[in-house]
1. May I have the pair-distance distribution P(r) for segment 9-174, computed from all Cα-Cα distances with 5 Å bins from 0 and rounded to whole percent?
2. For the chain, modelled as a Gaussian network with Cα springs under 10 Å, which listed residue fluctuates most, Thr65, Thr150, Thr57?
3. Express in nm, to one decimal, how much length is gained between Thr62 and His155 on full extension, taking 0.36 nm for each residue of separation and deducting their alpha carbon distance.
4. Run the reach check for Lys163 against lysines, Cα to Cα strictly under 30 Å, same-chain hits fewer than 8 apart removed. What comes back?
5. Taking the chain as a Gaussian network, Cα atoms linked when under 10 Å apart, which of His102, His137, His155 shows the biggest mean-square fluctuation?
6. Any idea how far apart Gln34 and Ser7 come out in nm if each label point goes 7 Å out from Cα toward Cβ?
7. Could you give the length gained on full extension between His72 and Ser141, defined as 0.36 nm per residue of separation minus the Cα-Cα distance, in nm?
8. Would you mind telling me which residue in Glu80, Glu104, Glu47 has the biggest mean-square fluctuation in a Gaussian network model of the chain, where springs connect alpha carbons within a distance under 10 angstrom?
Amino acid sequence: MHRISSSYHARETLPDGRIVHIRAIRPDDREKLQEEFHKLSAASVRERFFNVKQDLTPKELTYFTEVDFSMHVALVAELECESRLHPVGVGRFVRNQENPDHSEFAITVSDKMHGQGIGKLLLRQLIHCARELGVQHLDASVLPQNARMTNLLHHTGLPLESKIEDGILTYTLAI
C-alpha cells in the first residue's frame, strides 16, 4: 500500500510574500494542536465540527496527531516569522474504507489568518498527497454558511459537485 512520508514537507509562499511551511503532522504536535484549538472562535469551531465544543478530548488529539499517512493524512501549516515557525492551519483527509478512491477532507485555519491564502495552500498540498495515494475524489462536508470553504472549493478550477442532505452540504472535488 502506498503511503506519504511522515517527513513530508513543502515550502509555499503566500500572496503577500510570507513563507509557509507545510509538513506532516507528528504525535508531538498534540499540545500545539490543543493550544491552537483554544484560540479558535466559536464560529470556526462550529464550521469545522458542526457544533461548539470547548476542548479536544485525549482520544481526538491522538486521532488527529497519530496518523498512518496512507488511510489518514494530516498536514500542519506553519508561518515563518522572525526565524520561528508559528502554526496557522491544519488540513487532513481520511480515505473511505469502502471506496478508497474517495477521501473526506477538512481544513482549519487560525482565525487571525483567515483570507490570507493558508487554506488554498493546504488544499493544494492535500490534493498533491491524495493524488500520490491514488485518491480520485476529495469530499468535504460543509455547513451552508461556511462561505470560506465554499469559495475555496469553487476556485480550485477542478470539477466540483455538491449535494445537500440534512442541512449539510457535501462537495466532491474530482482531483
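1. The percentages, shortest bin first, are 1, 8, 18, 22, 23, 18, 8, 2, 0, 0.
2. Answer for the Gaussian network model of the chain: Thr57.
3. Computed gain between Thr62 and His155 is 30.2 nm.
4. In chain and number order, the partners are Lys53, Lys120.
5. Answer for the Gaussian network model of the chain: His155.
6. 2.9 nm
7. 23.2 nm
8. Glu80
The numbers here are math on the coordinates, done by the rules we state, and not lab data. Bear in mind that the values here come from a model prediction, so they are computed numbers and not experimental data. Cβ sites come from the backbone with ideal geometry, for glycine too, and all protein chains shown count toward neighbours.
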